Structure formats: structure tokens, C-alpha cells
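Enquirer: Starting off with a structure, shown below.
Laboratory data are not the source of any read-out in this text; all were calculated from the coordinates shown. All figures in this text were calculated on a predicted structure; none of them were measured in a lab. Glycine gets a Cβ as well: all are built from the backbone with ideal geometry, and neighbour counts include every protein chain shown.
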Amino acid sequence: MSRLVARQAVGAIFVVTIMVYSGVSMIAIALPNLLDAPAHADLVVLIRKTVAAVVPEQDIRSIRTRRSGRLTFAEVAVSGSAFASVDALRAQTVAIKQALSAEGAEVDITVVVTPDRDLDKT
């Protein structure tokens, strides 16, 4: 009976070793896609130029970019005076997305309107 237990223990250790190796390999492959990373420098320049062509440069507060997996995300913060209405904001956002698509860039872009004045000082 003890030989049977020893064989089962050796088999169990073999299976555990394969499972641990497979798990570590899967994590190593997936981890870069799960963590945010900086967007490619060329793409950041393209995003900045495209946004500046649509939104007056003095109204651009910030542009944040990040890459997650195969997708690139951009958040553009603009002043409230940059757009006369919500429809204008929507039209300009679509124009930015179309211009980036025309350049072959796959970017999920969000335009955020920030107050023109500091609300803490009112």
C-alpha cells in the first residue's frame, strides 16, 4: 500500500508542477495587457495635433493618454468657453475621432469640459 501512496504523491507533485508553471506563464502573458502603460510617443503627438486643429489651443487644459492592452485611451480636458453648446461639443468630439480614424489611429477619446474659473474661490 505504501508504494501506491508514494506513486500517487509523485504523480500529484508532477501535476502541481505543471499547473504552477502554466499559471505563471498565463500571468506573464496577460499582465502587460491588464496594466495601463503610456501611449506611444508618435500617437501622443498625433492626438495633440488633431485636438489642437479642432479646439483652440488656449482652451485645451490637458490631454491624458494611456494604453491598456491593444487600446489607447485619451482624455481631453477643455475650458467651458471652448464650446457654445453641448451640440457643438458633440460635433467637435466626433470631428476629433474622425480625424484620428483617418490617420489610422485607434483611440478611444473622451472630451471633458472643465469650469473656466476655480470653483473653490467663489
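Enquirer: Extension gain Phe73-Ala41, at 0.36 nm per residue separation less the Cα-Cα distance, in nm?
Expert: Extra length from Phe73 to Ala41 when fully extended: 10.2 nm.
Enquirer: If N is the number of residues in the chain, what value comes out of its Cα radius of gyration divided by 2.2 N^0.38 Å?
Expert: Values: Rg = 25.2 Å, N = 122, 2.2 N^0.38 = 13.7 Å.
Its radius of gyration relative to the 2.2 N^0.38 Å reference: 1.85.
Enquirer: Over segment 53-98, what portion of Cα pair distances is larger than 13 Å, expressed as a whole percent? Show your work: numbers first, answer last.
Expert: Numbers: 637 of 1035 pairs.
Cα-Cα pairs in segment 53-98 separated by more than 13 Å: 62 percent.
Enquirer: Moving to a separate point now. With +1 on each Lys and Arg Cβ and -1 on each Asp and Glu Cβ, how big is the dipole of segment 1-84 about its Cα centre, in debye rounded to the nearest 20?
Expert: Numbers: 9 positive and 5 negative charges, 88 e Å.
Dipole magnitude for segment 1-84 comes out near 420 debye.
Enquirer: If you keep only loop residues by DSSP, which trypsin sites (Lys or Arg not before Pro) in segment 8-86 have at most 16 other Cβ atoms within 10 Å of their Cβ?
Expert: Values: sites: Arg48, Lys49, Arg61, Arg64, Arg66, Arg67, Arg70; in loops: Arg70.
Of the trypsin sites (Lys or Arg not before Pro), the ones in loops of segment 8-86 whose Cβ has at most 16 other Cβ atoms within 10 Å are Arg70.
Enquirer: Show that you can apply the helix-only estimate: for the chain, add -39,500 (n - 2.57) for every DSSP H stretch of four or more residues, divide by all residues, and state [θ] at 222 nm to the nearest 500.
Expert: Working: 3 runs with 64 residues, N = 122.
Mean residue ellipticity at 222 nm (helix-derived): -18000 deg cm²/dmol.
Enquirer: Charges on Cβ only, +1 for Lys and Arg, -1 for Asp and Glu, centred on the Cα centroid of the chain; of Gln8, Thr50, Pro115, which one is farthest towards the dipole's positive end?
Expert: Selected residue: Gln8.
Enquirer: Counting only residues 5 or more places away or on other chains, whose amide H sits under 5 Å from the amide H of Glu103 once H atoms are built in the peptide plane?
Expert: Hits under the 5 Å cutoff: none.
Enquirer: Mind checking the full-extension length gain between Arg48 and Val20? Use 0.36 nm per residue of separation minus the Cα-Cα distance, one decimal, nm.
Expert: Details: separation 28, 0.36 × 28 = 10.08 nm, distance 4.46 nm.
Extra length from Arg48 to Val20 when fully extended: 5.6 nm.
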